[in-house]
Amino acid sequence: MIIPVRRLAAVCALGAALTACGTSAAPRTGRPAAPAPSSASASASAGPSVSPSAEPSRAPTLAPGPAGLTPVFENGPRTLGRTVALTFDADMTADQGPRAARGEHFDNPGLISALRGLKVPATVFMTGRWAEEYPAEARSIGRDPLFEVANHSYSHYAFTDDCYGLPTVSEDRMRADVERAYTAFREAGVPNAMPYFRFPGGCYDRRALRAVGGLGVTAVQWDVVSGDAFATDADAVAREVLDGVRPGSVVVMHCTRSAAPVTERAVRAIVPELRRRGYRFVKVSELIGASRGRS
């Protein structure tokens, strides 16, 4: 389903929490190669530029919107069976390195292990900064056929003003920020990051959609907010998801121990119950593939 150009009303609670924690500041079937870094993004990168993957995966994307604006995907078809995509944002802002150095955990290997044990496909929206901090984990996720890695920007800075207190990236740096994330994934050893992009905080407007247009990405939002960011009650998170899921739903959760400490426990409750209800877990790519040509 393509949704109108607008500022998404659903709250990505983690965006607000990052500031509270002290953060400054016609369809297509072929997937283009992950964007090569522009000269601007290459100069900002810590390492040399890396050329796009020689063997890009064939991932479905949506056709560009009017005037070439980046298309936006919120959920799959409601009438093609009980499918649901669990998505996990691996958030880390560009300036959180000192907090990681002091022992704060922005990863969640227990959650990834649980998904593997439960055999649940999932899409991980990763920031480039996260991939730089945890390259072995990024590589492990990216090479596991159970998962797909998608782009959540390099910096996790907002692409609009007034986005839950997140620092903002200027319009002339938006495209470079997305490209720099793809560079970070390649340098970490992620072989084929998907052509999907999730705006930090879920915030976007026409200016942002225009800025990342031409990259060949589909912007992926969600229709179910789990409420796992800084939650302490796993049962409450599970109830929020179970009450909100419909066929074709995209659920937003987080893959960050310090910011979403009960997500693993919530997932262990959510998965068996949704399976009992007849749901099949899929990656975002399958929902987008099923959505092409449908509204």
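Structural remarks
- Residue list for segment 248-288, filter: open to solvent by 10 Å² or more (accessible area, probe 1.4 Å) and part of a helix (DSSP H, G or I): Glu264, Arg265, Arg268, Ala269, Pro272, Glu273, Arg275, Arg276, Ser285, Glu286
- Checklist (1) under 22 Å from the mean Cα position of the chain (by Cα); (2) part of a loop (DSSP other than H, G, I, E, B); (3) buried (at least 17 other Cβ atoms within 10 Å of the Cβ); (4) modelled with pLDDT under 95 applied to Ser49, failing item: (1)
- Qualifying residue in segment 196-209 (condition: more than 14 Å from Ser170 (Cα to Cα), open to solvent by 10 Å² or more (accessible area, probe 1.4 Å) and not basic (Lys, Arg)): no
- Number of the condition not met by Ser153 [criteria: (1) more than 21 Å from Arg257 (Cβ to Cβ); (2) part of a loop (DSSP other than H, G, I, E, B); (3) open to solvent by less than 10 Å² (accessible area, probe 1.4 Å)]: (1)
- Residue match in segment 207-215 (condition: on the phi > 0 side of the Ramachandran plot and modelled with pLDDT under 95): yes
- Residue in segment 178-189 that is over 16 Å from His254 (Cα atoms) and not in a helix (DSSP H, G or I) present: yes
- Flag if Ala219 is small (Gly, Ala, Ser), buried (at least 20 other Cβ atoms within 10 Å of the Cβ) and part of a loop (DSSP other than H, G, I, E, B): no
- The lone criterion from (1) open to solvent by 10 Å² or more (accessible area, probe 1.4 Å); (2) touching a Lys or Arg at 6+ places or on another chain (Cβ under 8 Å) left unmet by Arg143 is number (2).
- Evaluation of Pro167 against (1) touching a helix residue (DSSP H, G or I) at 6+ places or on another chain (Cβ under 6 Å); (2) surrounded by fewer than 24 Cβ atoms within 10 Å (Cβ to Cβ); (3) more than 30 Å from Arg265 (Cβ to Cβ) (one fails), failing number: (1)
- Number of the exception - Thr123 against (1) part of a loop (DSSP other than H, G, I, E, B); (2) within 27 Å of Val267 (Cα to Cα); (3) of a type in the set (Ser, Thr, Tyr): (1)
The values are calculated or read from the model by the stated rules, or taken from the named source; none is laboratory data. Every value quoted in this text rests on a predicted model; they were computed, and no experiment measured them. Quick reminder, even Gly has a Cβ in these numbers, built from the backbone with ideal geometry, and neighbours come from all protein chains shown. Heavy atoms of the whole protein, side chains included, go into the accessibility calculation; ligands, DNA and RNA do not. Shrake-Rupley method; radii C 1.70, N 1.55, O 1.52, S 1.80 Å.
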